[in-house]
Amino acid sequence: MQLRYSFRIDPTPGQRVALAKAFGCARVVFNDALALRRQAYREGLPFVADAELSRKMITEAKKRPERVWLGEVSAVVLQQALADCTTAFRNFFASVTGKRKGPKIAPPRFRSRKDNRQAIRFTKNARFSITGQGKLRLPKIGQVAVRWSRELPAEPSSVTIVKDAAGRYFASFVVEVREQSLPATDAETGIDLGLGHFAVLADGRKIDAPKFLRRAERKLKRLQKDLSRTQKGSANRAKARTKVARQHAKVSDARREFHHQLSTKIIRENQAVYVENLAVNGLARTRLATSIHDAGWSAFIAMLEYKAKLYGRTFARVSRWFPSSKRCSACGQVRAQSLPLSAREWTCPCGAHHDRDVNAANNILAAGRAERLNACGGPVRPGASPAQPDEAGSPGSAAA
């Protein structure tokens, strides 16, 4: 499987100028390709092929006075910008025709130099390399210093240079990684995600919600005030905007680190992990939107999924319509009445007293095990037992 390994890089002032040129050239080529295809659509012409697009937007464009500066950057960067444009159109067409699952995708839009994120991609054709001194050599940019936090497991197939809203530069390598095997264990768990506690495991462990954004709200409020008081277009406004972006980056980095540590620990300790398939997009439109975005459930579940595949563990999602909170994990009876969010504990008529979240985690574990057996062809429900010879039957039935 392919994974991304991102590292912070420290380009020199001259290299930052070269990267800015590369970002701008890639953006211009993308916008020119998008404009050409939109014009062809309006005029009823066929979809412009990739080869024709490359000839017009790169080869011939470099010969024109208004686009001669495209030759100052690597041609691979420009080719990858065209590839991104083609991919965006294909995803849009697949979404419109129903071939692509999930929410509908909007048509490609023009890129702006004011976008918070700028990126370019180098493939093997660009002949980028990692030097013996640990620097990243990029064509027409030079050797860039990299803050290595770990070694790459294999030779990268491509590298993406990213500049984020906080002004930081990153090198994101795509590496082919072989699946690894962890020591087998009999432990399995179900996970109930929430806001009071970030996660509750089937064994009763509760992981507190860090609430990184809530903790930083006071400082963010002050920085946003300072930003709103600056004049638009001024240098002070650019500095204030960078301060706000850096504070948001700290929050995002802390949340991502928490997700990585917790997901790795859960995958290492359990042979199978089951979670509820939450409708995060719907929940994010409620009054709890800030807290739900702060929790980052989707990113955490995605980490669990790819790490389970990487380490040979089992991962499955349980239907969001499964009544995990209202079902008694002892007898299986489902409450007829709804269970309000304020009720953190409840007692089943069978006498079992439940913690709401722990009970939901145990039900998710049981449902995940059932679906796993069903997927493997095993029994999910007890088989039908043969009727007794003297058992009465209704008229016209098989037992009559």
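The values are calculated or read from the model by the stated rules, or taken from the named source; none is laboratory data. Not measured: the values here are computed from a predicted model. Heads up, the Cβs are rebuilt from the backbone with ideal geometry, glycines too, and the neighbour counts pull from every protein chain shown.
Overview of values
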{"read-out": "Matching option when the condition is basic (Lys, Arg), outside any strand (DSSP E or B), surrounded by fewer than 18 Cβ atoms within 10 Å (Cβ to Cβ) and free of Cβ contacts under 8 Å to residues at least 12 places away in the same chain, among 67, 150, 113, 90", "value": "90"}
{"read-out": "Count - residues of the stretch 320-370 that are in contact (Cβ under 8 Å) with a residue 60 or more places away in the chain and part of a helix (DSSP H, G or I)", "value": "12"}
{"read-out": "Considering residues of the stretch 246-265 that are surrounded by 17 or more Cβ atoms within 10 Å (Cβ to Cβ) and of a type in the set (A, V, I, L, M) only, the residue nearest to residue 114 (Cα to Cα)", "value": "251"}
{"read-out": "Filtered residues of the stretch 131-174 (kept if touching a Pro at 6+ places or on another chain (Cβ under 9 Å) and either acidic (Asp, Glu) or over 19 Å from residue 2 (Cα atoms) (or both))", "value": "141, 142, 144, 145, 169"}
{"read-out": "Check on residue 20, over 30 Å from residue 146 (Cα atoms), assigned by TED's automatic domain parsing to the domain that holds residue 147 and either touching a Leu at 6+ places or on another chain (Cβ under 9 Å) or assigned to a helix (DSSP H, G or I) (or both)", "value": "no"}
{"read-out": "Sole exception among (1) assigned to a helix (DSSP H, G or I); (2) over 22 Å from residue 168 (Cα atoms); (3) at pLDDT below 95; (4) over 19 Å from the mean Cα position of the chain (by Cα) for residue 238, by number", "value": "(2)"}
{"read-out": "Residues of the stretch 303-319 satisfying the condition of being touching a Leu at 6+ places or on another chain (Cβ under 7 Å) and outside any loop (DSSP other than H, G, I, E, B)", "value": "315"}
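Quick grid of which residues meet (1) under 20 Å from residue 23 (Cβ atoms); (2) among the basic types (Lys, Arg):
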site	(1), (2)
46	no, no
51	no, no
57	yes, no
70	yes, no
77	yes, no
83	yes, no
89	no, no
99	no, yes
104	no, yes
